[in-house]
1. Report, ordered by the first and then the second residue, all pairs with beta carbons closer than 6 Å, sequence separation of six or more or different chains, a first member in the stretch 575-597 that is farther than 26 Å from LYS542 by Cβ and touching a residue at least 40 places away in the same chain (Cβ under 8 Å), and a second member that is open to solvent by less than 70 Å² (accessible area, probe 1.4 Å) and of a type in the set (Ser, Thr, Tyr).
2. Name every residue in the stretch 8-66 that is hydrophobic (A, V, I, L, M, F, W, C) and assigned to a helix (DSSP H, G or I), in order of residue number.
3. Can you tell me which condition ALA540 does not meet? The list is (1) within 30 Å of GLY468 (Cα to Cα); (2) without any contact (Cβ under 8 Å) to a residue 60 or more places away in the chain, and all the others hold.
4. Of the numbered conditions (1) in contact with a helix residue (DSSP H, G or I) (Cβ under 8 Å, 6 or more places away or on another chain); (2) over 21 Å from ALA469 (Cβ atoms), GLN568 satisfies every one except a single condition; which is it?
5. From the list ALA54, ALA89, ALA50, ALA109, exactly one residue is aliphatic (A, V, I, L, M), within 29 Å of GLY185 (Cα to Cα) and open to solvent by less than 70 Å² (accessible area, probe 1.4 Å). Which is it?
6. Within the stretch 388-407, can you find the residues that are surrounded by 14 or more Cβ atoms within 10 Å (Cβ to Cβ) and assigned to a helix (DSSP H, G or I)?
7. For the stretch 388-417, name all the residues that are touching a helix residue (DSSP H, G or I) at 6+ places or on another chain (Cβ under 9 Å) and of a type in the set (A, V, I, L, M).
8. In the stretch 280-334, which residue that is part of a loop (DSSP other than H, G, I, E, B) and either open to solvent by 60 Å² or more (accessible area, probe 1.4 Å) or among the charged types (D, E, K, R) (or both) is modelled with the highest pLDDT?
Amino acid sequence: MATPLQEFLITLKEKTNIVDIAGGYLSLERRGQNYWACCPFHHEKTPSFAINGADQFYHCFGCGESGDVIKFVCAMENIEFIDGVKLLAERANLTMPDTGFDTGKTVEAKRKRDEILKILNDSAHFYLNNLNSGKAQEHIEYILKRGISSATVRNFGIGASLNFFDLPKFLLSKGYERRDIVDSGAVNDVDGRLTDAQGGRLIIPIISAMGEVIGFGGRALKKVDFGKYKNTKDTEVFNKRKTLYNLNLLKKLRKTQTISSVIVVEGYMDTISLYQAGFKNVVASMGTSLTQEQARLIKRYSENVYISYDGDGAGQKANLRGLEILKDNGLNVKVVPLPEGLDPDDVIKQFGAEGYQKCLDKALPLIEYKLLSAKRQYDLSVTDDKLKYVSEAMNIIRTADSAAGQEELLKKLREETGITYESLKRDLNSSAASNPPKPAEEPARKRSDKSPVTLRASRFVTAAFLFGAKFAEDKDISKIPVFNGVHLIIAKYIRSKKLMEERVRPSELFEFFDEKTEEYEELVKILDYSDGEKLNGEVAEKYFYDCIKTLKLYDTDLKINEINKTLQSETNQEKRQALASELQSLIILKKNIKSGE
């Protein structure tokens, strides 16, 4: 009998269509019974990511990522299982059960996480109250100096820390444990004394896509020996590498309109300034170089990205690092050129929204920006520098997607250096000959299966029953021997569903096996048959019967070997005769299996 939790999850999945959910994150194309998209978990140009609407699960035939609707939402939103369930339950207008999610080791982890979120939420309200208390004049003056409106202050939940000690006292008075307060990252333990980690700073809450305060950024109001900006340390709920500032408002924007592109800036104030100026599709990497996790987050909202870092040397280098990471994740990247020494906030202040829009309009594609960055390193009036630039430029131009693109870039290089087009072309061809280009990406294809014959046969037969192949409909899976533990579990699941006259739901199998285990990997290999391509037609049917024959012969051979082994040690004549009779029957059975009788 199913537990209340299991019954709730079954109801939740029945009321949630994975195709509808996935369509909110990916551009889906229907082909046959499945919906296809480029995989959000690895870079590819040819779609190999399938959404199975009938059986309510997803599977990538390229990288093997698979799961049900809950796992999909958790992966796309970068959230825990319980949060994914909450999100889907809210969408389906279902009330979450009071108990059932907390078992074993997860109890303390969940308690800790929930407590930290409460502490951070209360801290955010505490800082906000400080700003409105009449005691934060210095903070308000800074806000006014930066041109931040009261509406923007409310939108971003900006607050104020007045000193180092009021926040710890407030949190302790709320009944929070000292250890939890420190672990939240909002408070430090300095030689046994609790202090506000953002003491005296302007407070900028960092809010997750789920709308939860997960950390804080603090801006110093006076000159300090260390960074003007300070982030919360990594905690149970906050990791700078795995989040982006303003993700919550970007998600809110997506509910009202299609996001054609995302602007990525370096810091909080750049984000706030652009948002206030009307560029609401903006996020910040919070001062860190862009990471793989952040690139994947951006891709969930748009495949077109504008990187808009400071117009100085450090900003340009950061641009290149970010460009490569974004490109590797299949994003279309352009770089926004800003006036030397200015950041996006400066541009808004000096030239307004129209001035910044002009910068966006001049955004450079990746390859052109690389050439510009290379050029800035050399003095082209010096022959040696000019030749070094040409050599570096050739390596960049060779990566252009087409011969026409290479030609246009060579013409620009000719204008910059005064070197004839013919000479540049010869150098390019010479360079290409010594450094042949990498082969173009092959179309997505299913991963090859090099497992032993018997395992492959068991896998195919199991898949045929699991995905309802026509040639398996009148067969009894209990009469077909399988030997892999995962296959045995799936066979037992199928038999139980048949006995109860219930529908076989492959998506339920994800609850049976833990991720990153050999068992889960075997399940993924069975899912490689889920698109139906290998389970239809005469060839598939013949292979199905060949697989059954292979499994029956293997099972018979095991039994024959076992009897032979027993006969070697058995001395009782009566038992030996019985074993010999059983052995003879198996030999006849093996002959009949081979002949197809």
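1. none
2. Quick first cut of the stretch 8-66, residues hydrophobic (A, V, I, L, M, F, W, C) only: 8-10, 12, 18-19, 21-22, 26, 28, 36-39, 41, 49-51, 54, 57, 60-61, 63.
The answer is PHE8, LEU9, ILE10, LEU12, ILE18, VAL19, ILE21, ALA22.
3. The one condition ALA540 does not meet is (2).
4. (1)
5. Numbers: ALA54 fails: within 29 Å of GLY185 (Cα to Cα); ALA89 fails: within 29 Å of GLY185 (Cα to Cα); ALA50 fails: within 29 Å of GLY185 (Cα to Cα).
Going through ALA54, ALA89, ALA50, ALA109 in turn, the sole match is ALA109.
6. Those that are surrounded by 14 or more Cβ atoms within 10 Å (Cβ to Cβ) and assigned to a helix (DSSP H, G or I): LYS388, TYR389, VAL390, GLU392, ALA393, MET394, ILE396, ILE397, GLY405, GLN406, GLU407.
7. VAL390, ALA393, MET394, ILE396, ILE397, ALA400, LEU409, LEU410, LEU413
8. Just the residues of the stretch 280-334 that are part of a loop (DSSP other than H, G, I, E, B), to begin with: 280-281, 285-291, 300-303, 308-312, 329-331.
Checking the rest, the ones that are also either open to solvent by 60 Å² or more (accessible area, probe 1.4 Å) or among the charged types (D, E, K, R) (or both) come to 280, 287, 300, 303, 310, 312.
Values: LYS280: 97, GLY287: 67, ARG300: 81, GLU303: 86, ASP310: 79, ASP312: 58.
That would be LYS280.
The values are calculated or read from the model by the stated rules, or taken from the named source; none is laboratory data. Please read these numbers as outputs of a predicted model, since none were measured by experiment. Virtual Cβ from ideal backbone geometry, glycine too; neighbours counted across all protein chains shown. The accessibility values were calculated without ligands, DNA or RNA, using every heavy atom of the protein model including side chains. Shrake-Rupley method; radii C 1.70, N 1.55, O 1.52, S 1.80 Å.
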